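Report on the structure given below.
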Amino acid sequence: MRHNFIDRYAALESPLHILEPRSKLLAFTALIVGVLSIPVDRGSLFFVYFFATAVLMGISQIPLPYIMGRSLVILPFIVLASLAVPWKGFYGIGILFVRAILCLILLILLTNTTRFVELMRGLRKLGCPQILVMNLGFLYRYLFVLTEEAMRMKQARDCRRVGRAPFGEELKILSSMLGTLLIRSFERAERMHSAMLSRGYSGHFPVLSPRRFSWHDLVFLSGITLFIVLTVLLR
Amino acid sequence: MHIPDGFLTNRVAVSLDVVSGANILYAARRARVDFSSRMVPIMGVLGAFVFAAQMLNFPILGGTSGHLVGGCLLSVILGPMAGSLTMATVVLAQALFLQDGGLVALGANIFNISVVTCFSGYAIFKLLGGSAEGGRRLLIAGFVAGWFSLIISSSCCALEMALAGAIPLRVGLATMSGYHALVGIVEGMLTAGVLGFLSKVRPDLMKIDGVGRFGVWDWIGAVLFVALPAAVLAKAGSSGLPDPLEKLLAGSPLLVEAGAGSQKLSSSARYGDYLLRAGVFVLLIGSGVLAKRLARRKRSGP
């Protein structure tokens with residue numbers, strides 16, 4: 001099973017990757033809010049933002065097909081919104097798509113240029129409650145372990161039966177599998193907890209060689225601020 | 001059901017960000033999790049469990065398949081406070097890892113998937129008298145709670161989209177709730193099945209719900225979460241045309257934005273105004289966080 005499908009390109013060393021996570025989080029949030037605030041009758045501003053996004057995409061060194069593939073998650077919503085064409089007209093829905101896609105690409109850029117540990121540290125420093133950040137850390141670390149466990153259980157089930165059981169039977173099997181997975185998760189968590197305690201855990205994870213705020217961040221942040229101010233002034 | 005950025009107006013999205021943020025802070029406080037307690041890894045690993053459980057799907061009809069969503073299950077096992085925190089982490093992770101759901105729309109997604117699902121699911125489960133003893137009652141309560149929690153959260157999603165003027169309420173409600181009424185059957189059966197399995201195999205794990213007692217106010221809040229969307233749903237179903245939401249919007253000065261038609265109000269004259277408003281919200285949140293941190297520093301100081 002491939003384990004790096006989540007942050008495959010986060011370990012590159014592009015100018016976007018070396019930024020401090022906090023400034024990146026702030027800047028990308030500002031850009032997304034900027035895109036969301038573009039008025040409907042100023043379609044040309046979308047091109048300006050699209051150009052900026054393309055520049056960021058170029059800097060980030062993440063392959064274009066990867067970004068495009070990731071953007072497909074939006075498809076169900078596009079189908080749903082297409083049902084609303086009679087109410088809003090093609091122009092309105094078109095604007096909706098462009099806005100959604102732009103925001104999505106910005107989010108993909110943010111999460112794929114930041115290592116996960118860095119992202120967590122950035123979130124924490126921006127005031128996200130510690131319990132949430134710690135949960136996120138555990139989730140990330142054990143996601144692969146539990147997914148692998150689930151896949152093994154699925155393989156075992158598929159090996160043992162031929163064809164398909166009736167609906168009710170199938171559900172019963174699946175809920176027993178889920179229950180087993182749940183119990184194993186619990187037990188793993190308790191083992192982990194004693195292992196952590198015995199290694200001197202006190203509710204805090206140190207980060208090795210964190211990225212520091214440097215002149216790169218200053219340049220990046222002032223560039224983004226300038227861009228947003230300009231788009232507001234030139235609208 | 002994860003709303004991407006761009007489908008909600010800034011006002012709807014940011015106000016839900018504030019609501020969800022407040023809810024997370026409240027739940028974190030009520031859950032009173034000590035950072036060295038064993039609840040921390042349990043909540044985190046159960047978040048990963050939800051991810052992994054979604055890999056275990058099974059075929060329904062044609063090419064479609066169903067899987068567990070899990071909010072109701074977690075809130076029954078962990079209690080609504082810890083359960084909603086865990087689900088909030090899952091939603092955050094889905095936004096960050098898989099780009100399911102946007103960054104500004106994160107509050108709306110946490111509201112729908114974690115807050116509404118966990119609280120309504122837990123309330124319904126308790127109202128039906130589901131307990132750790134097992135038996136038929138547990139199964140029925142689990143099924144109904146799982147089904148309803150999904151329906152309520154998906155109609156909340158449709159409601160938000162309609163408030164933002166992206167998708168009309170009639171279309172949104174019909175598609176979202178209709179689809180989730182079917183998916184909800186699987187969710188309900190799996191919730192009941194897992195609870196039944198757990199009560200047979202490890203009944204001690206069912207009693208972990210000691211974290212954060214569910215008080216009177218929590219009951220009132222949970223009932224509100226259930227009753228409000230249910231009322232809107234009932235009204236939409238009974239009156240059909242005209243859209244009851246339009247009446248609601250016309251009556252409330254807070255929500256005129258979508259009611260008056262997004263064309264007029266999102267004209268360029270409002271652009272600066274929008275940015276300003278978003279900025280004020282961000283400042284408010286920031287100052288709240290800062291104040292809290294300062295207070296904590298003062299308390300923990302010498």
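Here, each number is a calculation from the coordinates, and none is a lab measurement. No experiment lies behind these values; they were computed from the predicted model shown. Positions of Cβ are generated from backbone atoms using ideal geometry, with glycine treated the same way; all protein chains shown enter the neighbour counts.
Lys/Arg Cβ at +1, Asp/Glu Cβ at -1, dipole of the stretch A:57-161 taken about the Cα centre: which of A:Gln130, A:Pro76, A:Asn112 is farthest positive-ward?
Result: A:Gln130.
With everything on Cα atoms, drop me the angle between helix A:130-160 and the longest principal axis of chain A, reported from 0 to 90° to the nearest 10.
For helix A:130-160, the angle is close to 50 degrees.
Give me the one-decimal nm value for the distance between modelled label points at A:Lys125 and A:Leu12, 7 Å along each residue's Cα-to-Cβ direction.
The modelled label-to-label distance comes out at 2.3 nm.
³J(HN,Hα) across the stretch A:59-72 via Karplus (A = 6.51, B = -1.76, C = 1.60, θ = phi - 60°), whole Hz, x for Gly/Pro?
In residue order, the calculated couplings are 4, 6, 6, 7, x, 4, x, 4, 4, 4, x, 5, 5, 5 Hz.
For chain A, what does the equivalent ellipsoid look like in terms of its semi-axes, each the square root of 5 times an eigenvalue of the Cα gyration tensor, given largest first in whole Å?
Output for chain A: semi-axes of 38, 29, 15 Å.
Measuring from label point to label point, each 7 Å out along Cα→Cβ, what is the A:Glu169 to A:Ala195 span in nm?
3.9 nm
Mind checking the full-extension length gain between A:Met151 and A:Ile78? Use 0.36 nm per residue of separation minus the Cα-Cα distance, one decimal, nm.
On the way: separation 73, 0.36 × 73 = 26.28 nm, distance 3.08 nm.
Taking 0.36 nm per residue and subtracting the Cα distance, the gain is 23.2 nm.
What distance in nm separates the two pseudo spin-label positions at B:Ser37 and A:Glu187, each 7 Å out from Cα along the beta-carbon direction?
2.5 nm
Give a residue-ordered list of calculated ³J(HN,Hα) values for the stretch A:96-113 (Karplus: 6.51 cos²θ - 1.76 cosθ + 1.60, θ = phi - 60°; whole Hz; x for Gly, Pro).
Those phi angles translate into 4, 4, 4, 4, 5, 5, 4, 4, 5, 5, 4, 5, 4, 4, 4, 6, 8, 10 Hz.
Sequence-distant or interchain residues sharing an amide H contact under 5 Å with A:His17, placed H: which?
The list, which skips near neighbours in sequence, is empty: none.
Whole-Hz Karplus ³J(HN,Hα) for the stretch A:44-56, in order, using 6.51 cos²θ - 1.76 cosθ + 1.60 and θ = phi - 60°, x for Gly and Pro?
After applying 6.51 cos²θ - 1.76 cosθ + 1.60, I find 5, 5, 4, 5, 4, 5, 4, 4, 4, 5, 5, 4, 4 Hz.
Whole angstrom only: what separates the Cα centroid of the stretch A:166-235 from the Cα centroid of the stretch B:78-103?
Each part reduced to its Cα centre gives a spacing of 10 Å.
How much FRET efficiency would the formula 1/(1 + (r/R0)^6) give for A:Ser222 and B:Lys200, where r is the Cβ-Cβ distance and R0 is 51 Å, rounded to 0.05?
Using R0 = 51 Å, I get an efficiency of 0.25.
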